[in-house]
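*Asks:* Below you will find the structure I want to go over with you.
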Amino acid sequence: MIYEKLCAFLSDQLGIDPSDIRPESKVIDDLGADSLDVVEMLTEMESEYNIIITDERVRELTTVGEIAAFLEELIRK
């Protein structure tokens, strides 16, 4: 569910077809997001799931799958 919402957001934000987004897609390198897109995505996810995302951890995440797994981990806590 988180992965699907993340893909929907990225599709809308970046104007790309959802079928072009894969778990291994790198948000910046493969999908063409910039730093503002990433901040907006994370802000949306924080609001949607009532979580706080720390900058330190986020810098390590590059793929859609990594971000989705990280969000799932935060939500479970």
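*Asks:* Exactly one condition in (1) surrounded by fewer than 16 Cβ atoms within 10 Å (Cβ to Cβ); (2) of a type in the set (A, V, I, L, M, F, W, C); (3) not in a loop (DSSP other than H, G, I, E, B) is false for Ile28; which is it?
*Replies:* Every condition holds for Ile28 apart from (3).
*Asks:* Any residue in segment 63-72 that is touching a Lys or Arg at 6+ places or on another chain (Cβ under 7 Å), at pLDDT 95 or above and among the polar types (S, T, N, Q)?
*Replies:* yes
*Asks:* Please pick out the residue among Ala33, Ala69 that is within 13 Å of the chain's Cα centre (by Cα) and over 14 Å from Lys5 (Cβ atoms).
*Replies:* So the residue among Ala33, Ala69 that is within 13 Å of the chain's Cα centre (by Cα) and over 14 Å from Lys5 (Cβ atoms) is Ala33.
The values are calculated or read from the model by the stated rules, or taken from the named source; none is laboratory data. The model shown is predicted, which means the values in this text are computed figures rather than measured ones. Here the Cβ is made from the backbone with ideal geometry for all residues, glycine too, and neighbour counts use every protein chain on show.
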